[in-house]
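The values are calculated or read from the model by the stated rules, or taken from the named source; none is laboratory data. Because the structure is predicted, anything quoted here is derived from the model rather than measured. As a convention, Cβ positions derive from the backbone with ideal geometry for all residues, glycine included, and neighbour counts pool all protein chains shown. In case anyone asks, the SASA skips ligands and DNA or RNA and just uses the protein heavy atoms, side chains included. Shrake-Rupley method; radii C 1.70, N 1.55, O 1.52, S 1.80 Å.
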Protein chains: 2
Amino acid sequence: MRVTLGDVARRAGVSLATASRALNGSDRNVGDVLAARVRASAKELGYLPYAPAQALARASTATLGVLLHDVADPYFGVITRGASEAAAEAGLLTMVVSTFADPDLELRNIRMLHAQRARAIVLAASGYVDEEATRRLDEALGAYRAEGGRVVALTDHGPSYDSVRPANRRGAADLTRALLGLGHRRFAVVPGPERLRVSLDRLLGVREALDEAGVALGPEAVEFAEFSHEGGRAATARLLERSRPTALIALSDVGAVGALAELRGRGLDVPGDISVVGFDDIPCAAQLAPALTTVRVPLERMGAEAVRLALEPRPRTAPGGIEDATDGLSAGPDTRSPRVVDLPTETVLRASTAPPPGAF
Amino acid sequence: MRVTLGDVARRAGVSLATASRALNGSDRNVGDVLAARVRASAKELGYLPYAPAQALARASTATLGVLLHDVADPYFGVITRGASEAAAEAGLLTMVVSTFADPDLELRNIRMLHAQRARAIVLAASGYVDEEATRRLDEALGAYRAEGGRVVALTDHGPSYDSVRPANRRGAADLTRALLGLGHRRFAVVPGPERLRVSLDRLLGVREALDEAGVALGPEAVEFAEFSHEGGRAATARLLERSRPTALIALSDVGAVGALAELRGRGLDVPGDISVVGFDDIPCAAQLAPALTTVRVPLERMGAEAVRLALEPRPRTAPGGIEDATDGLSAGPDTRSPRVVDLPTETVLRASTAPPPGAF
DNA sequence: AAGGGATGGGAAAGCGCTTTCCCCGCATTA
DNA sequence: TAATGCGGGGAAAGCGCTTTCCCATCCCTT
């Protein structure tokens, strides 16, 4: 390409080494005079370092990978904002890849990020139930980590990864208890897709609270659905064919919005005829009418926290068992036990919930 | 790092050159036997190409940059989805950087993307009114283009860039005409921030339609606001202090949502007391209650189209004036006249608009 | 006044890949 | 049979940077 560090050095009358040290920092000092000359020369020539070459020489890039289902989904959008802001603070660029909940695509994307040698990968896309898919992903991630890459999971990806975990199960249980507290006894649930672990996790929380209260939740009252407007809408329609719940629990806000649409279409009043709750507290949840009762998940913080974890200096255990601070170059796999950050969720009561009809 | 092409080559008993050609394609052929051996060897070793090294050797990366205000804003989220999907199809990884409508940050981010030698930059963040800021951005983009980088603007960034342009002005005019058609004569407008060109562009459309109809729009009826829920809410509050419009035109959906919240807070009925319209048709616009009348902007398509434009083979004019198809290596600045793709918008009438109160 | 750290500068060896250039052997043509 | 391509293989020269050495000063210390 155009202006190289060599040009800058020549113009400043110094060696390549000095120019490099002056512009891009190093443990070695450069005399003030020369340093100033180099900087001036760089500015005059409009020099910009050539990142791929730096990456090659340093054996380390300045990029972060974020793996998610869909950037346009506000859930992931907010996470990505948190992550990329934290990344920017650390001088990293964020590469966002969408998998659309397809394990094969996810695998390919992990390989791409690995090939790019992203410093770290944030797994915002949730874990799969399918064991074979999980195994293959683990394998690819393992290879990445073996070369010094860091991985942080934002959902349950097994115990071997650093994780930032919202209290999915507990949050769902609390939410359900809130509905029980209002007097509801007939529930219907729209979890996410059955193949994702989050769905099951949250559903488990719901069951937990219902069991506690001795309320039954038959299979006819559960209808899995994609995390989408249409998914939520269709699932709600199917549920209403076979039961008459007083409370509908959608385990994602986007799904809840679809549910609201379906209910409105059927002329049902929310919360007069039926209460509806969501999960995640995406930005528009509060602005719906009725405003959606939901579980606040600290999405932005999750993204930021994940990056913090990923960039945390990583002690490595030498064969002798003593921690040593080898740099990234001689990087071996990470031998620490994984860090886990548990983030609390919070039930947010809004206008979409009320006591069941006929309650006094 | 770990497994290099050299390892693969050695294991397959071939030269580095052959291994490279077999795995990563080239204009030269490799015999079937050797090619198979190389592929097998790569698979067995779990080889993944080292992208920074490839970039250095090829003088070209496999990344795309998208510059936007905020990933968590659905407007940009949807654009990004379109762009990154198109990029993925072309084998590119997408780097997303947020500028939060700050020209300085934008400048820094352009430099970073330049340093990464992203193949192309999609400017989804809108142009600034400030001339000095614009000049500096142009300068940085110019340097990037001088080295062969491609730039596509999604909003008005001046005539020198390839652009994908939604019909902002026309869309706003049509929207306004729709309100006029319903009988409205007293308007209030909440454009975006005054420093962004889109805001002015759309406002111009509104004025155009009002002028046509001979309806006045005094300065007291216009209140600029950030593209955000809170911005729209606060601006609406201020507007209502000093005027009693029958129609409120928010020139972004996120702003309109804020406006709805403020109106609801004041006990005003939409559309009974006042009609509200937005702009963009972000996914949740249709799911609000009342569903928002707005202008559909083909966001996803804009992103995809931008990438298509950016990746389009680029003829270059030789000094003699004859187009030649030199490859990217000897890249000079792009001498074609910029491509412009105009995308139509469409007014979508929903429940948030009705004839003004008292109309018969 | 001589020995010995610091200190700062430069030459050059890579980092992992692509691509030119050269060469060899085979098939084709005269 | 000799001349001529040509297809496919390999050696090696980079791509633009960082970093290890090595070296020359300079300033302390004894």
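Pairwise Cα distances in chain B exceed 25 Å for 60 percent of all pairs. In percent, rounded to a whole number, the relative contact order of the stretch B:5-49 is 42, using alpha-carbon pairs under 8 Å and six or more apart.
Could you compute the FRET efficiency for residue B:342 and residue B:131, with r as their C-beta to C-beta distance and R0 at 30 Å, rounded to 0.05? Calculated value: 0.75. With Cα atoms as the point set, the stretch A:96-145 shows a radius of gyration and Dmax of 10.1, 28 Å. In the assembly of identical copies, residue B:358 has its label point, taken 7 Å from Cα in the direction of the beta carbon, separated from the corresponding points by 4.8 nm (ascending, one decimal). Between residue B:242 and residue A:2, the simple spin-label model (points 7 angstrom out along Cα→Cβ) gives 4.6 nm. Surface analysis of the stretch A:1-47 yields an accessible area of 64 Å² per residue, using protein heavy atoms and a 1.4 Å probe.
Picking from B:126, B:26, B:275, which is most flexible by a Gaussian network model of chain B using Cα springs under 10 Å? With Cα springs under 10 Å in chain B, the top fluctuation among B:126, B:26, B:275 is at B:26. Measuring nothing but alpha carbons in the stretch A:96-232 and taking Rh as the Kirkwood radius, the Rg to Rh ratio lands at 1.06. Taking the Cα atoms only, what angle lies between the long axis of helix B:229-242 and the longest principal axis of chain B, rounded to 10 degrees? With rounding to tens, the tilt is 20 degrees.
Modelled this way, with points 7 Å down the Cα-to-C-beta line, the labels at residue B:10 and residue A:160 are 2.7 nm from one another.
Once the convex hull of the alpha carbons of the stretch B:56-158 is built, what does its volume come to per residue, in cubic angstrom?
That works out to 87 Å³ per residue.
Between the listed residues A:13, B:261, A:259, the Cα displaced farthest toward the positive end of the dipole of the protein assembly as shown, a dipole computed from Cβ unit charges relative to the Cα centre, is found at A:13. Mean separation of Cα pairs under 8 Å and 6 or more residues apart, divided by the residue count, gives the stretch B:228-296 a relative contact order of 32 percent.
Shielding by partners for peptide B:285-292, expressed as the average number of C-beta atoms from other protein chains within 10 Å of each residue's C-beta, is 4.
Please express the shape of the stretch B:42-108 as an equivalent ellipsoid: the semi-axes are the square roots of 5 times the eigenvalues of the C-alpha gyration tensor, given largest first in whole angstrom. Don't jump to the answer; show the numbers that get you there.
Working: eigenvalues 173, 49, 18 Å².
They are 29, 16, 10 Å, listed from largest to smallest.
Determine the shielding of peptide A:81-88 by partner chains: average, over its residues, the number of Cβ atoms on other chains within 10 angstrom of each Cβ. Show your work: numbers first, answer last.
Values: counts 8, 2, 1, 7, 4, 0, 1, 6.
Other-chain Cβ atoms within 10 Å of each residue's Cβ, averaged: 4.
Take the solvent-accessible surface of the protein heavy atoms, probe 1.4 Å, and return the percent of it on the stretch B:5-49 that carbon and sulfur atoms account for. Ligands and nucleic acids excluded, carbon and sulfur give 50 percent.
Accessible area of the stretch A:168-297 with a 1.4 Å probe: how many percent of it is carbon plus sulfur?
Working: 2330 of 4530 Å².
Carbon and sulfur together cover 51 percent of it.
Once both labels are positioned 7 Å from their Cα atoms along Cα-to-Cβ, the gap between residue A:45 and residue A:264 label points is 6.1 nm. Taking 8 Å as the Cα distance limit and 6 or more residues as the minimum spacing, I'd like the relative contact order of chain A as a percentage. With pairs under 8 Å counted, the relative contact order is 17 percent. The stretch A:230-305 to the stretch B:6-27: how many Å between their Cα centroids? After rounding, the separation between the Cα centres reads 55 Å.
Under the rule a/c < 1.5 gives rounded, and otherwise a/b versus b/c splits prolate from oblate, where does the stretch B:168-297 land using the Cα gyration tensor?
On the way: a/c = 1.23, a/b = 1.13, b/c = 1.08.
Rounded, because the longest to shortest axis ratio a/c is under 1.5.
Ordered from longest to shortest, the equivalent ellipsoid semi-axes for the protein assembly as shown are 46, 36, 22 Å, each the square root of 5 times a Cα gyration tensor eigenvalue. Quick one: Cα centre-to-centre distance for the stretch A:102-141 and the stretch B:100-147, in angstrom? Result: 32 Å between the Cα centres.
Rounded to the nearest 10 degrees, the inclination of helix A:253-265 to the longest alpha-carbon principal axis of chain A is 30 degrees.
For the stretch B:5-49, give the magnitude of the charge dipole about the Cα centre (Cβ charges: +1 Lys/Arg, -1 Asp/Glu; no others), in debye to the nearest 20. Working shown, then result.
On the way: 7 positive and 4 negative charges, 11 e Å.
Using only the charged Cβ atoms, the result is roughly 60 debye.
Association of chains B and A removes close to 4400 square angstrom of accessible area from solvent, both sides included, for a probe radius of 1.4 Å.
Sum -39500 (n - 2.57) across every DSSP H segment of at least 4 residues in chain A, then divide by the residue count to get the 222 nm mean residue ellipticity, nearest 500. Counting only the DSSP helices, I get -14000 deg cm²/dmol.
Per Stokes-Einstein, at 37 °C and 0.692 mPa s, what whole-number D in µm² s⁻¹ belongs to the stretch B:5-49, with the Kirkwood radius over Cα pairs as the hydrodynamic radius?
Working: Rh = 9.9 Å.
For these conditions, the coefficient is 331 µm²/s.
For the residues of A:260-270, the average number of beta carbons from a partner chain within 10 Å of their own beta carbon is 1. Taking K and R as +1 and D and E as -1, what net charge do the other residues with C-beta under 10 Å from the C-beta of residue B:295 add up to? Its environment carries a net charge of -2.
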